[in-house]
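The values are calculated or read from the model by the stated rules, or taken from the named source; none is laboratory data. These figures come from a predicted structure and were not determined experimentally. In this analysis, Cβ positions are derived from the backbone assuming ideal geometry, glycine residues included, and neighbour counts consider all displayed protein chains. These accessible areas exclude ligands, DNA and RNA; they are computed on the full protein's heavy atoms, side chains included. Shrake-Rupley method; radii C 1.70, N 1.55, O 1.52, S 1.80 Å.
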Amino acid sequence: MDVRDKLTVLADAAKYDASCASSGSKTTRPGSTIGSTEGMGICHSYTPDGRCVSLLKILLTNYCIYDCQYCVNRISSDTPRARFTVDEVVSLTMEFYKRNYIEGLFLSSGIIQTSDYTMEQLIAVAKKLRTEQRYGGYIHLKTIPNASQSLIEEAGLWADRLSVNIELPTEGDLYKLAPEKKKPQIEGAMAGIRNKIDETKQEQKAGFKPPRFTPAGQSTQMIVGATDTPDVEVLKTASQLYSLQNLRRVYYSAYSPIPHADARLPGQSPPLVREHRLYQADWLIRFYGFDASEIVAEADQNLSLDIDPKLAWSLANRHYFPVDVNKASREELLRVPGIGARNVKRILNIRRFQSLASGDMKKLRVAWNRAKFFVLTADHNPALLNLDKLDLRAKAKPKTKQLLLFDAASSALSGEV
Amino acid sequence: MQSIHVDTFDDWRDAARRLLASGVSPTDVQWIGGAERSLFDDAPSPTAAEHGGRGTTPSVPKAFLELARYVACHRESGRWSLLYRTLWRLTHGERHLLQVTTDDDVHQLMQMRKGVSRDIHKMKAFVRFRKLETGGAEEQFVAWHRPDHRIVRLAAPFFARRFGGMHWSILTPDESVTWDQTSLHYGPGVPASEAPNQDALEDLWKAYYASIFNPARVKVAAMKREMPVRHWPTLPEATLIDDLLRQAPARADAMIQTNEGFAETAAHFMPERGDLVSLRLAAANCRACPLHQCATQTVFGEGSPSARIVLVGEQPGDREDIQGHPFVGPAGKLLDEALKHAGIERREVYITNVVKHFKFKETETPRGKRRLHQKPDSREIYACRPWLEAELAAIGPQVIVCLGATAAQALFGRDFAITKDRGNVMRTDWCDITIATWHPAAILRMQDASRQTQMRTQLVEDLTSVK
Ligand code: SF4
């Protein structure tokens, strides 16, 4: 099999991975001659699925001794198999990078021989890129489940980011679908990385120059929809990971089970939109001060699919409104549907000098169609009369479904609402 | 009314500083853009502008100069007068003007800066270097790119940082820039026809692009929003888009083939109550994997509900399938014998299989049709395992004996090797004493007579050891 064929198989196998961001490392590694990391990542291309191509996202191999049921690389799957050599991955990364096709490498792998052996191979790629090629670009390694702590620590020396996949939202889900993976082990690996990051930071503060350790932090991926675990559990797990393990990102990847012939259209609205809603909710938790349990208001413990989580929360908490854009606090403004964090900042700036009327809000490009039902402005805002009407939900709901799917495509980048 | 000619940001800044010092109001100036070639010839840093005014002009917020540097690169011809008007307002009582983003002038400036920033970002993203086949020792890379605005000098330092160890040039219609691994050199614009038109790597890149695309999620509008069609001519991968879209439905179907059915396991057919009677009834209707289609019936486990020992085989065979009971055929006879030798009563134990339906291939033989046993694959084992787990949970045995590799792998994981670990006592999630031994059918299939005798003996020994 030549490199091209391997690339075809091993990129295809990686296309299910949701992680895409290449941001987070603010400074480039000293001594590198090719490659830089500058805080904000760059999407170098887009595929017709609307997702960006910023990294060379491949598997070292898609052979795997495990049989996780949500994964196409499981041993029982009859998917075509291939395996790259370390040198092949190094050379592909360098050649693609030099032509400005990519922002870096995202490498993961199925498990061959043993977890440690596989992890060593991933490390070999990263190490070679750094030491022999003097490559300073972004590297994200996905750690191998059950690999030993010392190997994970070594990986962190060469990589900008490590991710330990939590895989499924709850321990019960793991037991059902990936019995070889155990939650305590997964969280242990995360905690190991977190401790090492904290240690490095402390040394830096104390004036030492410790070796770089995953300067872009760690992230994780969760498969959603492979079991019937509701969104509230998904978000609780995510919030815990953010606070306990200090993760930079949780990626959600919608699984579309296709048990019956009539559902033969994967990627249809339910799983994709659910993924999008989770990113939005995740955003609200990280940047807007919401709590997982208050965001999920529906009786079935799932996010509403037809409206965004902030709007859903607002409809369920109408007593909180109206919020006066000229007087409200930052926290209050952040809770208004259709007004994002950037606009909250602008509003706070502007109102130091003049008060804001609804025309100004439109100029700021807030989603006025949603926001108007919830805010007091300097002028008369007739839409406010609907605040306690029963049909408010229908009125505030976005008109087209198309738009929703449009947003869903890019929501892994930001779930901003 | 004065008319002022400006080409570059520096021209504008000098003129603006002069006009401001002499109190010329924006309504009295007409700004005329010139040939507009290179914008930043010997551009000093923006802060130098603040200090160059000899104290005659009022100080200007630093943020404004930065903004102006960006806006100056915009192609909109009204930019110079807009900048001057804003400068005037900033220095005539509206010092905080830039904060008021709802102000018309500020809003327009912000929009222009956004356009320029986005264009710079797109240049960083969409420049595609091609390697020149020079034959020299040094690799040379050249790209042709068409930005919307005059941003080459704003974007070039990024490429110098990123590709410091390379020789490269970026050509645009307005201006070109070359990096010699030490400094940036600017030159005139270059038409696309003069740029290299291929690179051997592009084939690999396209292969990657095509494979990383998920055909189950076609979102063309989203793609076009982020990757405007006007950039496509310089992106090698863009030539694939039409084909990819055309093939998407077929590829999505193929994805379904590899994924299909995995959502379904016996767990979907579990009864509410977990006792053996309810389980047996429910299992009779299990359709979690395709095996139920050809088999006669579900062959569920049998034996004492309070058994101390549970024996787990692979799956029912031809006789079992017809009669509906486990281990009733030739292999069952052999097992009965071995149990007797080990001093275990069959009715004291519980006997079951990892997979509850018979899997076979029908073949013609001289004596008519025969159903040949086939090994279950891991998909079927996985789908069926919830029954086994439920049986074990209901019984809570003290000993589990796995008969054969399939049963052992289902319980110990797939790297279990029966030849190596036969007879060893291991701990599992279900009980402390779990062992694996030969499957009676494997003994019957053994051609070598002495080996067969040895295996029989070992089976009896293993059973005796857990008695
Ligand atoms: S270990 Fe990873 S690659 Fe292997 S089957 Fe499980 S999820 Fe798939």
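Listed by chain and number, the aspartates and glutamates placed with their C-alpha closer than 16 angstrom to that of B:Lys219 are A:Asp49, A:Glu275, A:Asp407, B:Asp242, B:Asp243; residues fewer than eight positions away on the same chain are left out. So if I take the centroid of the Cα atoms in the range A:81-136 and the same for the range A:366-382, what is the distance between those two points in Å? Value for the Cα centre distance between the two parts: 52 Å. Counting only Cβ charges, +1 for Lys and Arg and -1 for Asp and Glu, the dipole size of chain A around its Cα centre is about 1580 debye.
Counting Cβ atoms of other protein chains within 10 Å of each Cβ in B:94-105 and taking the mean gives 4.
Ranked by the mean number of other Cβ atoms within 10 Å of their residues, highest first, the peptides B:67-79, A:272-284, B:101-113 come out as A:272-284, B:67-79, B:101-113.
Put simply, the amide H of A:Leu60, placed in the peptide plane, has neighbours under 5 Å in A:Ser108, A:Ser109, A:Gly110, leaving out anything fewer than 5 places away on its chain.
When the accessible areas of B alone and A alone are added and the area of the pair subtracted, with a 1.4 Å probe, the result is around 6900 Å², both sides summed. Figure note: B:Thr265, B:Thr363, B:Thr457, B:Thr182 ranked by solvent-accessible area, largest first, 1.4 Å probe, ligands and nucleic acids not counted: B:Thr182, B:Thr457, B:Thr363, B:Thr265. In this structure the amide hydrogen of A:Leu55, modeled in the peptide plane, comes within under 5 Å of the amide hydrogens of A:Glu103, none closer than 5 places in sequence on its chain.
Mind running the shape call on chain B? Use the C-alpha gyration tensor, a ≥ b ≥ c as the square roots of the eigenvalues: rounded below 1.5 for a/c, prolate if a/b tops b/c, oblate otherwise. Cα axes put chain B in the prolate bin.
Note on the range B:214-305: Kirkwood hydrodynamic radius from all Cα pairs is 17.9 Å, rounded to one decimal. Axis of helix A:401-410 versus longest Cα principal axis of chain A: the two differ by about 40°, to the nearest ten degrees. Taken over the Cα atoms of the range B:338-378, the convex hull encloses 137 Å³ per residue.
Of A:Pro184, A:Ile102, A:Gln69, whose Cα points farthest to the positive end of the dipole of the range A:68-184 (charges on the beta-carbon: +1 Lys, Arg; -1 Asp, Glu; origin at the Cα centre)? Towards the positive end, the residue furthest out is A:Ile102. Cysteines in the protein assembly as shown lacking any other cysteine Cβ under 4.7 Å from their own Cβ: A:Cys20, A:Cys64, B:Cys73, B:Cys286, B:Cys289, B:Cys294, B:Cys384, B:Cys402, B:Cys431.
Around the amide H of A:Ala357, modelled in the peptide plane, lie the amide H atoms of A:Ala378, all under 5 Å away and 5 or more residues distant in sequence or on another chain.
Legend: mean number of C-beta atoms from other chains within 10 angstrom of residue C-beta atoms, peptide B:122-129, equals 5.
The modelled label-to-label distance between B:Gln452 and B:His268, using points 7 Å beyond Cα along the C-beta direction, is 4.3 nm.
Accessible-area loss of 20 Å² or more (1.4 Å probe, protein heavy atoms, chain alone versus all protein chains) is found in the range A:92-108 for A:Glu95, A:Phe96, A:Tyr97, A:Lys98, A:Arg99, A:Asn100, A:Tyr101.
Taking every protein chain into account, the accessible area of chain A amounts to 39 square angstrom per residue (probe 1.4 Å). Charge tally around B:Thr182: other residues with Cβ under 14 Å, Lys/Arg +1 each, Asp/Glu -1 each, net -1. Taken per residue, the accessible surface of chain B reaches 46 Å², heavy atoms only and a 1.4 Å probe. Taking every protein chain into account, the 1.4 Å probe leaves A:Ile102 with about 0 Å² of accessible area, to the nearest ten.
For the range A:77-146, applying the loop criterion from DSSP together with a ceiling of 12 other beta carbons within 10 Å to the GluC sites (Glu not before Pro) yields A:Glu132.
Rounded to the nearest 20, the size of the Cβ-charge dipole of chain B about its Cα centre is 740 debye, with Lys and Arg at +1 and Asp and Glu at -1. In summary, the convex hull built on the alpha carbon positions of the protein assembly as shown has an orientation-averaged projected area of 46.0 nm². Taking only Cα atoms, what is the 0 to 90° angle, nearest 10, from helix A:86-98's long axis to the longest principal axis of chain A? With both axes taken from Cα atoms, the answer is about 50 degrees.
Of all lysines in the structure, those lying under 22 Å Cα to Cα from B:Lys340, and not within fewer than 8 positions of it along the same chain, are B:Lys467. For the range B:156-202 versus the range A:5-72, the spacing of their alpha-carbon centroids is 26 Å. What the Kirkwood sum gives for the range A:145-211 is a hydrodynamic radius of 13.3 Å, with every pair of different alpha carbons counted. The fraction of accessible area contributed by carbon and sulfur in the protein assembly as shown is 51 percent, rounded to a whole number (1.4 Å probe; ligands and nucleic acids excluded). Count the net charge of all other residues whose Cβ sits under 13 Å from the Cβ of B:Gln2, scoring Lys and Arg as +1 and Asp and Glu as -1. So the environment of B:Gln2 carries a net charge of 0. For the set A:Lys6/A:Lys127; A:Lys26/A:Lys397; A:Lys128/B:Lys375; A:Lys236/A:Lys363, the pairs lying more than 32 angstrom apart at their alpha carbons are A:Lys26/A:Lys397; A:Lys128/B:Lys375; A:Lys236/A:Lys363. Computed from point charges on the beta carbon alone (+1 for Lys and Arg, -1 for Asp and Glu), the dipole magnitude for the range B:266-466 about its Cα centre is near 540 Debye.
Residues of the range A:11-37 with accessible area at least 10 Å² lower in the all-protein-chain context than alone (1.4 Å probe)? In the range A:11-37, residues shielded by partner chains: A:Ala11, A:Asp12, A:Lys15, A:Tyr16, A:Thr33, A:Ile34, A:Gly35, A:Ser36. Each part gets one Cα centre, and for the range B:410-467 versus the range A:204-226 those centres are 47 Å apart. Between the listed residues A:Gln354, B:His325, B:Leu201, the Cα displaced farthest toward the positive end of the dipole of the protein assembly as shown, a dipole computed from Cβ unit charges relative to the Cα centre, is found at A:Gln354.
Its convex hull of Cα atoms gives chain A a direction-averaged projected area, equal to a quarter of the hull surface, of 22.7 nm².
The alpha-carbon atoms of the range A:309-414, seen along their principal axes, cover 39, 34, 22 angstrom, with the largest extent given first. A viscosity of 0.890 mPa s and a temperature of 25 °C, combined with the Kirkwood radius over Cα pairs in Stokes-Einstein, give a translational diffusion coefficient for the range A:1-135 of 157 µm²/s. Across the range B:266-466, the relative contact order, built from alpha-carbon pairs under 8 Å that are at least six residues apart, equals 22 percent. Computed from the Cα positions only, the extents of the range B:127-194 along the three principal axes stand at 35, 26, 18 Å, in decreasing order. Counting Cβ atoms of other protein chains within 10 Å of each residue's Cβ and taking the mean over peptide A:49-60 gives 5. On the beta carbon distance between A:Thr131 and B:Met426, with R0 = 51 Å, the FRET formula returns roughly 0.75.
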